[in-house]
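Here the structure comes first, spelled out in structure tokens, and everything after it is commentary.
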Amino acid sequence: MDKNRLVSNYTELDVYKLAKDGAMKIFYLTKNFPPEERYSLTDQIRRSSRSVCANICEAWHKRRYRLAFISKLSDAETEAAETKEWLDFALRCNYIDDSTFKPLSYLYTNIIGKLIRMIDNPSPWLIIGKKSN
């Protein structure tokens, strides 16, 4: 994305695009998980990966309120960390191999880093209220 262009929608955020891509990769990947994992690991990793996207969306719509914006970004960060943990379980259970795990783990590490940068410096994203006379 062009750094000089203003973002007009959360779907244009690099972090959102990465999170959506990750959630879709996980969705397709988990189709091959064992049936006995349907209501545990499969459900949990899909839910947490999708929740990253949903929390970014919610944060975007709370930009008038600094603390609410930061809180939703923090929720997105937590869900991304949870997704990494579920990926580690999938690796340890031999549902995925290292060549699948490493790029997804790196992707979620990158997402977490971008979210932390937004949390640490929310001002560029906030809507500054104008006083009416």
Unit charges on C-beta of K, R, D, E only; dipole of region 58-133, Debye: 760 debye
Sites ASN32 and TYR106 - FRET efficiency at Förster radius 22 Å, r taken between beta-carbons, to 0.05: 0.60
Sequence-separation-based contact order of region 53-133, relative, with Cα cut under 8 Å and 6+ spacing, percent: 37 percent
Euclidean distance between Cα centres, region 47-81 to region 7-25, Å: 12 Å
Charge dipole magnitude, Cβ of K and R +1, D and E -1 - the chain, Cα centre, debye nearest 20: 800 debye
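Once the Cβ-Cβ distance between TYR65 and LYS25 is put in as r, and R0 is 25 Å, what FRET efficiency do you end up with, to the nearest 0.05?
Numbers: r = 32 Å, r/R0 = 1.29.
Calculated value: 0.20.
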Under the span-like rule (Cα at least 27 Å along the axis, Kyte-Doolittle mean at least 1.6), DSSP H helices of the chain: none
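Determine, for each peptide in 77-87, 57-67, 19-29, 116-126, the mean count of other beta carbons within 10 angstrom over its residues, then list the peptides with the highest first. Please report the intermediate quantities before stating the final value.
Numbers: 77-87: 21.5, 57-67: 15.7, 19-29: 17.6, 116-126: 13.0.
Output ranking for 77-87, 57-67, 19-29, 116-126: 77-87, 19-29, 57-67, 116-126.
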Within the chain, helix-based [θ] at 222 nm, where runs of 4 or more DSSP H residues each add -39,500 (n - 2.57), nearest 500: -22000 deg cm²/dmol
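Each value in this text was obtained by applying a stated rule to the coordinates, not by laboratory testing. What you see is a predicted model, and the numbers here were worked out from it, not measured in a lab. Note that we place each Cβ from the backbone using ideal geometry, even for glycine, and neighbour counts take in every protein chain shown.
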